[in-house]
Amino acid sequence: MDTTSRLLMLLDVVERGSFANAAESRNIDRSVISKQISKLEDELSVRLLNRSTRSFSLTAAGAEMVKKATELRELLSETIRMAENYHLEPRGTIKITSSTIIAKRYLQPVINDFQKRFPQVEVELILGDTLVDIVAEGIDLAFRVGELKDSSLIARKLARNRLVILASPDFIETYGMPEKMADLESLPAASYTNATIRVTEVEYKNAQGEQVTQKINSVFRANDAEVLLLKALSGSAFVIAPAFIVGDEVLNGKLIPLLTDVNLLNYREMYAIYPHRDLPVRTRLFYDAVRDFIGKDKPIWEKNIPNFEHMYQG
């Protein structure tokens, strides 16, 4: 292993917070990481880390080396991107992250077709709602719902994402058809929740055009959109959902849109996020394929809800 590789290993240890985490990400033993960092210190003739049994801290020299390692990683990545752009046939690996439902509904069909067209391209798909460090994890493309908070990354809007209120025929037979938004407060609801989000109300515009909120009676909460749909399909709760999670449930009559004359506010839009403006050919082509599949004007998921353009003040 050369000095460059050891510097990148040092950067990996610092970004991941421990030798063990860095070793796990590289699928090697922790002792290998420790030995290579020690060799790096010998090569540079300077101590980089102050180590204790369970933790470490950077020395002043170590902090400077981490800065240089960050610059080195960027330079190497840029060099690789430039070289890849000279390939007539896209090749290499595209590393992608997204939520599970986005991957199942909108990425996997594109991946399947893309790899038929470009068999020399490999795809690594990492699923989960938890945000990851795109740069540190070497992610080429992330697909997320909601605005980007990290200004150092590039975000491109893929599609709008409107809300819909859904319930099953059994639910309507049991509880009746709600006639106004206030009726929702007394009806059982299924809602999304995670470590940072807990949906307890819905925003809409009243007849005067004022933005108001309506509380909902959330009797079931989950951090998975498909599970929320299953709850609604059971007839024991209604769900207020972003349209992109709807499959054929409305088309086949298993779920029915409620209160369609209400002016619901749009949900957070879907974005593609990536670390650099200068995308490799394979990544740029894949992004274009996803955008074409979703649709530039009317997103594909809105076709799953007949007459959706006339609902919720669309």
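The values are calculated or read from the model by the stated rules, or taken from the named source; none is laboratory data. Just so you know, these numbers come straight off a predicted model, no measurement behind them. Every residue, glycine as well, gets a Cβ built from its backbone with ideal geometry; the counts of neighbours run over all protein chains shown.
Below, the figures for the structure above:
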item	result
Count - residues of the range 252-310 that are within 19 Å of the chain's Cα centre (by Cα), closer than 30 Å to Glu210 by Cβ and modelled with pLDDT under 90	4
Test for Ile33: is it within 19 Å of Gly138 (Cβ to Cβ), in contact with a helix residue (DSSP H, G or I) (Cβ under 9 Å, 6 or more places away or on another chain) and not in a helix (DSSP H, G or I)	no
Qualifying residue in the range 133-141 (condition: among the charged types (D, E, K, R), under 26 Å from Lys303 (Cβ atoms) and touching a residue at least 60 places away in the same chain (Cβ under 8 Å))	no
Whichever residue in the range 165-192 is within 26 Å of Ile294 (Cα to Cα) and at pLDDT below 95 and, among such residues, is nearest to the chain's Cα centre (by Cα)	Tyr192
Residues satisfying the stated conditions in the range 1-51, i.e. of a type in the set (Lys, Arg) and within 25 Å of the chain's Cα centre (by Cα)	Arg16, Arg26
Which numbered condition Thr93 misses (of (1) at pLDDT 85 or above; (2) assigned to a helix (DSSP H, G or I))	(2)
Test: Ala189 is outside any loop (DSSP other than H, G, I, E, B) and buried (at least 22 other Cβ atoms within 10 Å of the Cβ)	yes
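Here's the yes/no breakdown for (1) in contact (Cβ under 8 Å) with a residue 12 or more places away in the chain; (2) surrounded by fewer than 17 Cβ atoms within 10 Å (Cβ to Cβ); (3) in contact with a strand residue (DSSP E or B) (Cβ under 6 Å, 6 or more places away or on another chain):
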site	(1), (2), (3)
Arg16	yes, no, no
Asn21	no, yes, no
Ser25	yes, yes, no
Lys35	no, yes, no
Leu48	yes, no, no
Ser57	no, yes, yes
Val66	yes, no, no
Ala69	yes, no, no
Ile94	yes, no, yes
